[in-house]
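This report concerns only the one structure given below.
The values are calculated or read from the model by the stated rules, or taken from the named source; none is laboratory data. Just so we're clear, the structure is a prediction, and the values are computed from it rather than from any experiment. Virtual Cβ from ideal backbone geometry, glycine too; neighbours counted across all protein chains shown. Heavy atoms of the whole protein, side chains included, go into the accessibility calculation; ligands, DNA and RNA do not. Shrake-Rupley method; radii C 1.70, N 1.55, O 1.52, S 1.80 Å.
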Amino acid sequence: MRTLAGVEDEEKWLAEGIAGIQHNAFFMHRALDANNLREVLKYSALMLSELRTSKLSPQKYYDLYMRAFDQLRQLEIFFKDETRHGLPVVDLYELVQHAGNILPRMYLLCTVGSVYIKSKQAPSKDVLKDLVEMCRGVQHPIRGLFLRSYLAQVSRDKLPEIGSDYEGDANTVMDAVEFVLQNFTEMNKLWVRIQHQGPGTVREKQEKERNELRDLVGKNLHVLGQIEGVDLEMYKETVLPRVLEQVVNCKDNLAQYYLMECIIQVFPDEYHLQTLETLLTACTQLMPTVDTKIVLTQLMDRLSNYAASSPDVLHEFLQVEAFAKLSNAIGKVIDTQLEMPIVGAMTLFVSLLTFTLRVHPDRLDYVDQVLGACVVKLSSVPKLEDARAMKQVVALLSAPLEKYSDIVTALTLSNYPRVMDHLDDGTNKVMAMLIIQSIMKNDSCISTADKVEVLFELIKGLIKDLDGTNVEELDEEDFQEEQNSVARLIHMLDNEEPEEMLKIIYVVRKHLMTGGSRRLPFTVPPLVFSAVRLVRQLEAQGGDIAGEDVRATLRKIFQILNQTIEALSSVPCPELALRLYLQCAEAASDCDLEPVAYEFFTQAFILYEEEIADSKAQVTAIHLIVGTLQRINVFGVENRDTLTHKATGVEIFFPCFPISFLLNYFPNRKLTFPFDQYSARLLKKPDQCRAVYACSHLFWVDDLEGNKDGERVLLCLRRALRIANAAQQMINATRGSSGPVTLFVEILNKYIYFFEKGNPHITPSDIQSLIELINTEMQSDNGNTTVHSDPFFTSTLRYIRVHKQKGGLMGEKYDPIKL
Amino acid sequence: MNYLLGAFKPACNISITFTDGKNRKQVPIKKDNGQIVMNPLFQSQETIAGKINIEPYQGKKVEHNGVKVELLGQIEMYHDRGNFYDFTSLVREIDVPGEIYERKTYPFEFSSVEMPYETFNGVNVRLRYVLKVTVTRGYAGSIVEYQDFVVRNYVPPPPINNSIKMEVGIEDCLHIEFEYNKSKYHLKDVILGKIYFLLVRIKIKNMDLEIRRRESTGAGANTHVETETLAKFELMDGAPVRGESIPVRVFLTPYDLTPTHHNINNKFSVKYYLNLVLVDEEDRRYFKQQEITLYRLKEETLS
């Protein structure tokens, strides 16, 4: 009937009920004031009769109940005071049972019963037993639940538990437990029964209403959990089996789920551990529709927290073989609950894994076992598509990473990559990123080729395009981030032992080369640097290993490097390749491997010639080349002839400046070819100018006595001046005013540099005239009367001035210059 | 008006007092007009003794042909109102014919009177005990005064008192088994028992236990039966499921019950029944009636 009525009607009925209670409560209070027992009973029964309504939803009924409850407190005070009503409590206990309607009768009986126990005229257990028995008369689910919850409430502080005022004989705790258990059982039965009432159309609403009532039932379990004197023995023998019996037998989704949850929450961890088997057996007996995984998850969470709480308890876990039992139970649950979505199974595995990691961190085999079970489950279903399941798998895989800060541990888990295989590409990448991040975070070094192999197998989602990946969908930023991570990872692969390190490099290279053009620019540099580091290490310890071997190894490494960098040209990524070639060249030079260095330079120049088109890039490239060349000192005179010969040969094919310059330059460290070809190819005059004056450094290397050609330096600088002049004129022609004098100032600085270095061809007068030139240029800026002061120039002048004033050797040198 | 009243008033005032009237227990009795009056309580084999005062009004004298006191046990059928059937009649002559000038007191005594039946006020029948004082006069009619008293007879607990246990039901619909702890209850007894639901296919709303009194009067073709429900006690609220067992605990004290009477002087019988009633959501009633015997237990043996 209730279900057909609208909310408004319900409000009305509630209002009527409340009015009824208030009305009768008024008369009851009057009778209370007059100490008129007969009237008190009459009106209290009438008041309580309002609770007989069937029209209210649980929520509204609760409202009504609470109002009656408040009144019952007053009534209890009256009942307690024998002088007011003049009847021994035992008689009162009979008297209230004369009420014709059961519901008011039972509320009154419970109220008097509470007084009766308090009076200690009868043992608490007897009264409670009687009350809980008599309550059976109320079979209406909602009314029964509230009545019994009232009973639970008034009896809560009167249980004959140990240490309470109402403690009875030897079996006193048992009596208390028995009472609560019985009340719990009956309440649960009533609660479950709600769903069997009413037509199917209102099932959903009923579910909701039942949910609202669940705490009334659960309260009993809380009480059970708090009864003083329930020891493990009793819990194991009586409490848990009885509760579970009820849970399993009620065959109700909601109840089973909620009550299992309650059991796990309210009883101590230690008890759970000792009764694990019983608890788990019950889990496997739940209805197939119950979300067992959450229950198990909670249980495992609790247990793992318990294990984490103190190391002293760990032996208990071992004693009861907690892992084996949990693992079995989970297997069973997954097997029996066929409808359970894959995400559920995964969640369970995650929990089990978390548990394992916390409780048995030393048992890698357990971890692997869990992962193995997971693989089996995953293999039994088609490709994983559920996002949530995927998330769980990621969680599953991340757990060991977090636990074992050393990623190496995870790498020994044979089932780990097999689980990863079941992820989709996107998730696979996420997972791979997590692995890398974990390595980074823990700063753990992967030191053997085998491990590297496994690791790269794990993160292969990042290393190469997997089948079916839609490249266009990839987010550029994400991609970069991923590849940067890979790059960082490569630096974490390290071994002191060159031999092993070389193997590692081989492995890494093998994997990286499959990456495709988009990845190589990110992954090649770290590999190259890693190899170069090895080279330098080998070179440093040189003598330790038989000379022949070391050199052979080095050659091998450079060979790999060359091939590796070459791969970049297919990308194409010439600037990067150029830089790497130069790096290698320098390393080779340091190892005294002249032909190798030579080869690298060749490669660099080929790139410059053929690939680098952008003028800015060209400028940068020139500077890089010059910088590298300047540092390199490997090329000995003895190779000159061969190289020159080679040079002419090469020159036929590449008749441009850089190659020729290089080939001519190396053998004798003397400039044999003018720069203008090289620099003239640059588009902008300032760039040309800068390139030329940069080249001047090639002829003056401080540490190398044989490589100081002052004349050539001056030649370079003069050429630079000429170009600067030309540039100035060009600007003058187009704009009508000469531009900034920056180029001149820069050249001035070069002059000063070489002057200080003692180049005999740079004289103070050269500097003097250059300064004057600059001054003139600045003043000739027609239309502008004020001298535009260039800060760079000013600083340069200040520098000279400072040295002049300082005196000493430097001061003398600068003395001739007049400012 | 006083003289008028005096004229119609009986010539004397008769009052009857019992020897231990002050100490004797008084019990309420409902009179014809609905008033409740307290009357002394006796039981069978008791000696009923007392004094009768006759006091003429205002110095009048009362001539009479003798004064007698009768102890009557009467049964009155309501369909035959005013017509008493005396099953017990004892007479004591307490004065010879003469005149009474002033207040005169006569003691009387009926020793060890056999009063086998209890006072009873039913729907269609009444059984009463009365002392009747008659001042016989030739003319002007006799002067009569009545004094009711109540008789209750106590019996020891029955030696055999089996429980009532029975399985009843409607096929494929409702099967219950009920048990009451006794078949014979004293008037302040408690009915204990339980109702066990073996099969429930109907939606039960509630279950009551009724105490019914069946009063049959007359005999043969003229038998008249009246049934009253004296108590309606709710045992269960809501619909039970199979396997549920509902406790019964009914205190008889609050109800106005009498012992069971079997064929009192071939005039009437009073029987008691426990009626278990189940009401379903469509307000259909399913019931099963069981006779119980009520008896009056001697007070001392209580508790």
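Using only atoms on other chains, find how many Cβ atoms lie within 10 Å of each Cβ of peptide B:244-252 and report the average.
Whole-number average of other-chain Cβ neighbours for B:244-252 is 4.
Please state the shape class of segment A:1-122: rounded when a/c is under 1.5, otherwise prolate if a/b exceeds b/c and oblate if not, all from the C-alpha gyration tensor. Cα axes put segment A:1-122 in the prolate bin. With 0.36 nm allotted per residue and the present C-alpha distance subtracted, the residue A:749-residue A:571 stretch has 60.1 nm of extension available. Candidates A:778, A:532, A:191 compared by Cα position along the dipole of the protein assembly as shown: farthest toward the positive end lies A:191, with charges placed on Cβ. Taking the Cα centre of the protein assembly as shown as origin and assigning +1 to Lys and Arg Cβ atoms and -1 to Asp and Glu Cβ atoms, the resulting dipole is close to 3640 debye.
Helix-only mean residue ellipticity at 222 nm, the protein assembly as shown, DSSP H runs n ≥ 4 weighted -39,500 (n - 2.57), per residue, nearest 500. What is it? It would help to have the intermediate numbers written out before the result.
Numbers: 42 runs with 593 residues, N = 1122.
For the protein assembly as shown, the value works out to -17000 deg cm²/dmol.
Taken along the Cα-to-beta-carbon direction at a fixed 7 Å, the label points for residue B:282 and residue A:481 span 6.9 nm.
Computed about its Cα centre, the charge dipole of segment A:124-245 is approximately 880 debye, with only Lys, Arg, Asp and Glu carrying charge at their Cβ.
Nearest 100 Å² is fine: what is the total accessible surface buried where chains A and B meet, probe 1.4 Å?
The summed interface area works out to 1700 Å².
Taking 0.36 nm per residue of separation and subtracting the Cα-Cα distance, full extension of the segment from residue B:63 to residue B:51 would add 2.3 nm. Helix A:594-610 and the longest principal axis of the Cα set of chain A meet at an angle near 80°.
Think of the protein assembly as shown as having a plus end and a minus end, set by charges on the Cβ of Lys, Arg, Asp and Glu; of A:18, B:127, A:223, B:127 sits farthest toward the positive end of this dipole. For segment A:255-269, 3J(HN,Hα) computed residue by residue from phi via the Karplus equation (6.51, -1.76, 1.60; θ = phi - 60°) reads 5, 4, 5, 5, 6, 4, 4, 4, 4, 5, 6, 8, 9, x, 4 Hz, glycine and proline entered as x. Starting from the Cα of residue A:460, draw a straight line to each of the aspartates and glutamates and keep only those under 14 Å, dropping any in the same chain fewer than 8 residues away. Candidates past the 8-residue exclusion: A:421, A:424, A:425, A:482.
Peptide A:133-145 shows a mean partner chain C-beta count of 5 within 10 Å per residue C-beta. Each Lys and Arg adds +1 at its Cβ and each Asp and Glu adds -1 at its Cβ; summed about the Cα centre, segment B:164-295 shows a dipole of about 420 debye. Put simply, when A:185-195, A:242-252 are sorted by average Cβ atoms within 10 angstrom per residue, most first, you get A:185-195, A:242-252.
The packing ranking, built from the mean of other Cβ atoms within 10 Å per residue, places the peptides B:27-35, A:510-518, A:142-150 in the order A:142-150, A:510-518, B:27-35, highest first. Need one word for segment A:85-231: rounded, prolate or oblate. Basis is the Cα gyration tensor (sqrt eigenvalues a ≥ b ≥ c); a/c below 1.5 gives rounded, then a/b vs b/c decides. Oblate, because a/c is 1.5 or more while a/b does not exceed b/c. Taking max minus min of the alpha-carbon positions on each principal axis, the protein assembly as shown gives extents of 187, 69, 51 Å, largest first.
Compared with the dominant Cα axis of chain A, that is its longest principal axis, helix A:520-541 is turned about 70°. With R₀ set to 41 Å, the beta-carbon distance separating residue B:266 from residue A:76 gives a calculated FRET efficiency near 0.15.
For segment A:251-394, rounded, prolate or oblate, judged on the Cα gyration tensor with a ≥ b ≥ c (square roots of eigenvalues), a/c < 1.5 rounded, else prolate if a/b > b/c? Note, shape of segment A:251-394 comes out oblate. Take each residue in A:96-107, count the other chain C-beta atoms within 10 Å of its C-beta, and the mean is 4.
For segment A:1-122, lysine pairs with C-alpha atoms less than 15 angstrom apart, excluding pairs fewer than eight positions apart on the same chain, total 4. Taking Cα atoms only, the orientation of helix A:141-155 departs from the longest principal axis of chain A by about 90 degrees. Answer with one residue from A:700, A:262, A:74: the one whose Cα lies farthest towards the positive end of the charge dipole of the protein assembly as shown, charges on Cβ with Lys, Arg +1 and Asp, Glu -1. Towards the positive end, the residue furthest out is A:74.
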